């Protein structure tokens, strides 16, 4: 603050020679020496009190301005700290594997299972994924796929509006991979894929109740009385039922009308067998018409 503090000012001695001239002006007006000195002293006090009030007001304004500036600076620093913390949290969220704590455990001796990036993304999102990607053939295709080396590369895909958009390569099926639908897998391939997908579900942190449901579901299929029935359509019907109901379950998962797959719906299983029978009969009829005279 500029200027002298009036609170520190000392009232002059108006009876001294230094102020004789000022007193003389009042004496001319008819005041005595004592009255003149007292009048000058009163005028000085009035002026000093006004200066003190002005000084206090200036001090209060400057203090308030300084506090506002300090608060604004602290707010700016806090905002900067919040932005830096948000950036760190986003970095940790984006690259969770980088910041995951090290689990002090021995190197596992289990066989290494590396499905395609497409299958990995589906499992991470908790979405439907064909069992084929976890069969021996599917894993072999994944090991040969060029997409596994650069899953974040962008590829151009056509959109519904006729335009094109870029998506991560890992989110797209490899065009060179011929995916076998679940219903067309052999029982040997099903037995290859199911336990591997269960392991992948656990790796990608699926809720335990969902993992338990799929274990119960696939176990029920493998132990069903049709599994070793002499009628091949009954065995295929179990695989068709698995494919149909697993897709349906994923479409309704999380909704108010969702359900559990643990118990096999025998009515729907019979329908699946009838669908296969009708399909086989239609094929036979077509062949018979083609070879008939």
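The values are calculated or read from the model by the stated rules, or taken from the named source; none is laboratory data. Source: prediction; values computed, not measured. Positions of Cβ are generated from backbone atoms using ideal geometry, with glycine treated the same way; all protein chains shown enter the neighbour counts.
Evaluate the range 34-57: report whether one residue or more is in contact (Cβ under 8 Å) with a residue 40 or more places away in the chain and under 16 Å from residue 19 (Cβ atoms). Yes; the residues of the range 34-57 include at least one that is in contact (Cβ under 8 Å) with a residue 40 or more places away in the chain and under 16 Å from residue 19 (Cβ atoms). Out of everything in the range 236-261 that is out of contact with any helix residue (DSSP H, G or I) (no Cβ under 8 Å at 6 or more places or on another chain) and in a loop (DSSP other than H, G, I, E, B), what residue ends up being farthest from residue 182 (Cα to Cα)? Checked the range 236-261; the qualifying residue farthest from residue 182 (Cα to Cα) is 256. Just one of the listed residues (225, 236, 246) is at pLDDT 95 or above and surrounded by fewer than 13 Cβ atoms within 10 Å (Cβ to Cβ), namely 225.
Taking the stated definitions as given, is residue 228 in a loop (DSSP other than H, G, I, E, B), in contact (Cβ under 8 Å) with a residue 24 or more places away in the chain and more than 22 Å from residue 129 (Cβ to Cβ)? It is false that residue 228 is in a loop (DSSP other than H, G, I, E, B), in contact (Cβ under 8 Å) with a residue 24 or more places away in the chain and more than 22 Å from residue 129 (Cβ to Cβ).
This table checks each residue for (1) within 26 Å of residue 238 (Cβ to Cβ); (2) at pLDDT below 95; (3) in a helix (DSSP H, G or I).
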residue: 103; (1), (2), (3): no, yes, no
residue: 143; (1), (2), (3): no, yes, yes
residue: 157; (1), (2), (3): no, yes, no
residue: 160; (1), (2), (3): no, yes, no
residue: 177; (1), (2), (3): yes, yes, no
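Taking residue 121, is it in a helix (DSSP H, G or I) and within 41 Å of the chain's Cα centre (by Cα)? Spelling it out, residue 121 is indeed in a helix (DSSP H, G or I) and within 41 Å of the chain's Cα centre (by Cα).
Only one entry of 80, 123, 67 meets the criterion of being touching a residue at least 12 places away in the same chain (Cβ under 8 Å) and outside the structural domain of residue 254 (by TED's automatic domain parsing), and that entry is 123.
For residue 264, the conditions (1) part of a loop (DSSP other than H, G, I, E, B); (2) exposed (fewer than 12 other Cβ atoms within 10 Å of the Cβ) are fulfilled apart from (2).
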